[in-house]
1. Could you list, in sequence order, the residues of segment 59-90 that are under 25 Å from Ser38 (Cα atoms), in a helix (DSSP H, G or I) and not hydrophobic (A, V, I, L, M, F, W, C)?
2. Tally time: how many residues in segment 21-41 are small (Gly, Ala, Ser) and within 19 Å of the chain's Cα centre (by Cα)?
3. Assess whether Ser38 counts as being over 19 Å from Met159 (Cα atoms), of a type outside the set (Val, Ile, Thr), out of contact with any Cys (no Cβ under 6 Å at 6 or more places or on another chain) and touching a residue at least 60 places away in the same chain (Cβ under 8 Å).
4. Just to be sure before I move on: is Asp79 in contact with a helix residue (DSSP H, G or I) (Cβ under 6 Å, 6 or more places away or on another chain) and of a type in the set (Asp, Glu) in the structure I sent?
5. Six or more apart or on different chains, Cβ under 8 Å: which pairs go from a residue in segment 71-98 that's farther than 10 Å from Ser61 by Cβ to one that's part of a helix (DSSP H, G or I) and of a type in the set (Gly, Ala, Ser)? Could you list them?
6. Before we move on, is Val154 farther than 16 Å from Thr23 by Cα, of a type in the set (Val, Ile, Thr), assigned to a helix (DSSP H, G or I) and modelled with pLDDT of 95 or more?
Amino acid sequence: MTNYKQLLSSVQTFIFDVDGVMTNGIVLLTPDGELLRSMNVKDGYAIQLAVKKGYRIAIISGGNSEAVWKRFSTLGVKDIYLGIGNKLEVYQQFIEENNIDPKGILYMGDDIPDYEVMAQVGVPACPSNAAEEIKSISRYISSFKGGYGCARDVIEQVMKVHGTWFNEDGFHW
């Protein structure tokens, strides 16, 4: 079986779920029915850097929030799919339209709706507090919980393998 670090060398595309990966999975309800989430700024830093370095990042989420769309759009993410009931269908359309080899995709999800897509990518990954079914098919389980830097963890690891992260001589801009 291929070592996890060896798999990272082929990753050029990241796909992330939102709730439970980019957030801690807790949704606050306002009196007017708005759902509030919090996201980690270190995840945001890594996402915008990866975009600048030429990695493709996509968001596929069952949730549908203008604030979530705005957050990822501001970070430079172009492929944002929200309110998705069938993630596999959107995933297949995404890879076909962009001519992406599934082996070069790292997908990070945390729960059952992510399972089908994760089973098809080169590097299925999850936060430390993911559902057991998701952990069982993940090639990497981050030491970070959802919403607490797990996206930064995998992006940083991939970029370090590629030499596009940071070194003591400065940034690889």
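The values are calculated or read from the model by the stated rules, or taken from the named source; none is laboratory data. Quantities reported herein were computed from a predicted structural model and do not represent experimental measurements. Heads up, the Cβs are rebuilt from the backbone with ideal geometry, glycines too, and the neighbour counts pull from every protein chain shown.
1. If the condition is that a residue be under 25 Å from Ser38 (Cα atoms), in a helix (DSSP H, G or I) and not hydrophobic (A, V, I, L, M, F, W, C), then Glu66, Lys70, Arg71, Ser73, Thr74, Lys87 are the ones that fit.
2. Step one: filter segment 21-41 for residues small (Gly, Ala, Ser), giving 25, 33, 38.
With the extra rule that they be within 19 Å of the chain's Cα centre (by Cα), the set shrinks to 25, 38.
Of the residues in segment 21-41, 2 are small (Gly, Ala, Ser) and within 19 Å of the chain's Cα centre (by Cα).
3. Details: over 19 Å from Met159 (Cα atoms): yes; of a type outside the set (Val, Ile, Thr): yes; out of contact with any Cys (no Cβ under 6 Å at 6 or more places or on another chain): yes; touching a residue at least 60 places away in the same chain (Cβ under 8 Å): yes.
Spelling it out, Ser38 is indeed over 19 Å from Met159 (Cα atoms), of a type outside the set (Val, Ile, Thr), out of contact with any Cys (no Cβ under 6 Å at 6 or more places or on another chain) and touching a residue at least 60 places away in the same chain (Cβ under 8 Å).
4. In short, no.
5. Arg71/Gly44; Leu75/Gly44
6. On the way: farther than 16 Å from Thr23 by Cα: no; of a type in the set (Val, Ile, Thr): yes; assigned to a helix (DSSP H, G or I): yes; modelled with pLDDT of 95 or more: yes.
The answer is no for Val154.
Per-residue answers, yes or no, for (1) over 21 Å from Val51 (Cβ atoms); (2) basic (Lys, Arg); (3) exposed (fewer than 15 other Cβ atoms within 10 Å of the Cβ):
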site: Lys78; (1), (2), (3): no, yes, yes
site: Val90; (1), (2), (3): no, no, no
site: Glu97; (1), (2), (3): no, no, yes
site: Val161; (1), (2), (3): no, no, no
